[in-house]
Amino acid sequence: MRKLQTLLIGIVVIIGVLFFSARYLEKNQGYASDNIVTIYNWGDYIDPSLLKKFEKETGYKVNYETFDSNEAMYTKIQQGGTNYDIAIPSEYMIEKMIKSKMLEKIDPTKIIGLSNINAQFLNQSFDPGNQYSIPYFWGTLGIIYNDKFVEAKDIQHWDDLWQPALKNNVMLIDGAREIMGLALNSEGKSLNDKNTQDLEAAKEKLTKLTPNVKAIVADEIKMYMINEESAVAVSFSGEASEMLDSNKHLHYVIPSEGSNLWFDNMVIPKTVKNKKGAYAFINFMLQPKNAAQNAEYIGYSTPNEKAMKLLPKEITSDTQFYPDQETMSHLEVYQNLGQKTLNEYNDLFLEFKMYRK
Amino acid sequence: MTSTKRMYAVPYFLWLLLFVAAPVLLIVYQSFLGINGQFTFANYTNYFTSATYLEMTVNSVIYAFIITLITLVISYPAAYVLNKTKHKQLWLMLIILPTWVNLLLKAYAFIGIFSTHGSLNQFFAFIGIGQQQILFTDFSFIFVATYIEIPFMIMPIFNALEEMNPSLISASRDLGANSVDTFRRVIFPLSLNGVKSGVQAVFIPSLSLFMLTRLIGGNRVITLGTAIEEHFLVTQNWGMGSTIGVILILAMLLIMVATGEKKRKGGEKTR
């Protein structure tokens, strides 16, 4: 019994010591934070040499941390105990974070070079007037195909997914908005359609796609397409650019009739400790030279118009990632449809998934 | 002395309270919340009137039943033979060993085996059957699920068989029963408790497998687990997700009662 008591007391003492030393260390870090910029970004989503350049130019030290999903990032910032100065979430998550009051308003007078950004990527529905976020990269939803199995001319539009030749050879990304959206787009409807009849019709159309669907998966699509498990897949342009790097038979098409336009934007979370440093980083990334270098390294589409002029012609003329004006004009951002409609989308998508040939 | 004993039990009760009772209560509470946070029975009426959810429930039960049945058919003879081998602890250890490997890793290994250019298809091509679609089928899903659940079925059956008093078998033989009779009337009834715990340990998790439905089933196989995952992560409709959770808990209770009742009766009889 005495032994047990000593043990318990020992544990309590150790916990106490650790707790207070952690507090002490945190405080110390806090004092030094004028000089540190903490950036919270997706894994492998910035050219590392840019971080070095930023440190050299501004004298700040960069503390770089990564996340692998918007949801994980949201939870971590919400829980507190972190001091991120910059985060780079996707558009729907930015809308959610604005609603949960987790973002700092951006002072437009402190931003230099917003005019470098192409106006069509500004003032989007998820953040009207860019009060909270500055575009970092953008992309689309489209079709990836392998030219060993399909000819380019046969797969240009959403409707081409339904062709009988693709029996059991289409992989879909596991997302209700994405798949319901492509069905709506194929019918000339908006992917933000709230009309129950249209949604029912879209689901009916999707059930006819079932014989062609090989699997409805998530990130694994990348691996499957590179290994030529399937001829065609529907996924995001960011994923596509990575697939195209690994298998030269793969190509990416954005259906001209309409598709999704997504964003990853820079924001300043409420956890910010070094606002000056955060603005310095945003301005640094807005500089055309840096944005161009980053776009060339990551392979995603840059919203920075002046940076595009600095990029090699073969990148900016690639309609897979920089589509023409006609296609651009049909792209739409996912709007927050409200919980009720979102439920409708989800239930119909679930019905489609359960539908057997 | 009794107070010391009670003190030892404190962590246990705290554990039960924090990690068993509290989460269950939270789930039940959440299941009565609508999407706007108001109190409602709508989730339950939704569940029981929606053809989608009912069909999904039936599907899940069927898959879980098949998985449990195959697991049992493989595990019982395995446990029986295992119990008769010389180094049984070693063999048992070898069977349990795969459970030390992370589930996700095992799933990815099966993707490698079953995929279009995987080793199994290469073998099929070699013997002239030609390439088959194996991944993303009912077969692959049930195969992998069974593989993963087998140790959880063998363990309790093995323990029940091992605990059996060998003199009972000798007695049965002495009294003139042949080996089939001995098995049917002595060994099997006495190992039934192990079978029951095995069925409980396999059936319930099988109802809500969701990682495998996506990775191996390619979402061509949909279980209740898929729906829960979607409601919590995508639609953020925690109320509906919790409702399905409550229904799974009720299903578990049902199975516990169904497989537990006879145990008590059997106990009384021997008394």
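The values are calculated or read from the model by the stated rules, or taken from the named source; none is laboratory data. These figures come from a predicted structure and were not determined experimentally. Heads up, the Cβs are rebuilt from the backbone with ideal geometry, glycines too, and the neighbour counts pull from every protein chain shown. SASA here: full protein model, heavy atoms, side chains in, ligands and nucleic acids out. Shrake-Rupley method; radii C 1.70, N 1.55, O 1.52, S 1.80 Å.
What the table below lists for this structure:
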item: Cross-link partners of A:LYS194 among aspartates and glutamates (Cα-Cα below 15 Å; sequence separation of 8 or more within a chain); result: A:GLU178, A:GLU332, A:GLU344, A:ASP347
item: Model label zone, A:LYS148; criterion: amide N under 18 Å from point 7 Å along Cα-to-beta-carbon; scope segment A:245-268; result: A:245-252
item: Square roots of five times the Cα gyration tensor eigenvalues for the protein assembly as shown, Å; result: 50, 34, 24
item: Aspartates and glutamates with Cα under 20 Å of A:LYS248, excluding same-chain neighbours fewer than 8 positions away; result: A:ASP147, A:GLU151, A:ASP154, A:ASP219, A:GLU220, A:GLU228, A:GLU229, A:GLU239, A:GLU296, A:GLU314, A:ASP318
item: Cα convex hull volume per residue for segment A:85-128 (Å³); result: 95 Å³
item: Fully extended contour minus Cα-Cα distance, from A:LYS99 to A:GLU296, at 0.36 nm per residue; result: 67.5 nm
item: Point-to-point label distance, A:ASN336-A:GLU257, nm (Cα→Cβ direction, 7 Å offset); result: 3.1 nm
item: Estimated D of segment A:118-242 in µm² per second, where Rh is the Kirkwood radius over Cα pairs and Stokes-Einstein applies at 10 °C, 1.306 mPa s; result: 100 µm²/s
item: Coarse-grained scattering of segment B:37-190 at q = 0.15 Å⁻¹, given as base-10 log I(q)/I(0) from a Debye sum over alpha-carbon atoms; result: -0.97
item: Student exercise, chain A dipole from Lys, Arg, Asp, Glu Cβ charges, in Debye to nearest 20; result: 1660 debye
item: Rounded percent of accessible protein surface that carbon and sulfur make up, the protein assembly as shown, 1.4 Å probe; result: 62 percent
item: Per DSSP, loop trypsin sites (Lys or Arg not before Pro) in segment B:50-157 with at most 11 further Cβ within 10 Å; result: B:LYS86
item: Cα gyration tensor shape of chain B, rounded if a/c is under 1.5, else prolate or oblate by comparing a/b with b/c; result: oblate
item: Accessible-area ranking of B:THR49, B:THR116, A:THR140, largest first, probe 1.4 Å; result: B:THR49, B:THR116, A:THR140
item: Global form of chain A, assessed from the alpha-carbon gyration tensor, a/c cut-off 1.5; result: prolate
item: Per-residue ³J(HN,Hα) for segment A:181-189, Karplus 6.51 cos²θ - 1.76 cosθ + 1.60, θ = phi - 60°, Hz, x for Gly and Pro; result: x, 5, 5, 5, 4, 5, 9, x, 9
item: Pairwise label distance in nanometres, A:ASN123 with B:LEU97, each label 7 Å out on the Cα-Cβ vector; result: 6.7 nm
item: Residue-normalised accessible area of segment B:51-259, given per residue in Å² at a 1.4 Å probe; result: 49 Å²
item: Built amide H within the under 5 Å cut-off of A:LEU103, gap 5+; result: A:LYS270
item: Sparsely packed trypsin sites (Lys or Arg not before Pro) within segment A:66-115, loop by DSSP, other Cβ within 10 Å at most 14; result: A:LYS101, A:LYS105
item: Listed residues A:MET97, A:HIS330, A:ALA291: farthest to the positive end of the dipole of chain A (Cβ charges); result: A:MET97
item: Stretchable slack from A:ASP245 to A:LEU25, in nm (0.36 nm times residue separation minus alpha-carbon distance); result: 74.8 nm
item: Degrees between helix A:288-298 axis and first principal axis of chain A (Cα, 0 to 90, nearest 10); result: 70 degrees
item: Computed E for A:ASN227/B:ARG185 - FRET, C-beta separation, R0 51 angstrom, nearest 0.05; result: 0.40
item: Nonlocal amide H pairs with A:THR66, under 5 Å, H built at 1.01 Å; result: A:ASN41
item: Chains B and A together, accessible area buried on both sides, 1.4 angstrom probe, square angstrom; result: 2900 Å²
item: Listed residue pairs exceeding 21 Å between alpha carbons, taken from A:LYS167/A:LYS203; A:LYS53/A:LYS276; A:LYS76/B:LYS106; A:LYS52/A:LYS105; A:LYS61/A:LYS276; result: A:LYS76/B:LYS106; A:LYS52/A:LYS105
item: Net charge of Cβ neighbours under 10 Å - reference A:SER256; Lys, Arg +1; Asp, Glu -1; result: -3
item: Ranked packing of B:219-230, A:158-169, most packed first, by mean Cβ within 10 Å; result: B:219-230, A:158-169
item: Projected label distance in nm at A:ASP198 and A:ASN35, using a 7 Å step from Cα toward the beta-carbon; result: 5.7 nm
item: Shape call, segment B:1-114: gyration tensor on alpha carbons, a/c limit 1.5; result: oblate
item: Accessible area (Å², per residue) of segment A:1-122, counting only protein heavy atoms and a probe of 1.4 Å; result: 62 Å²
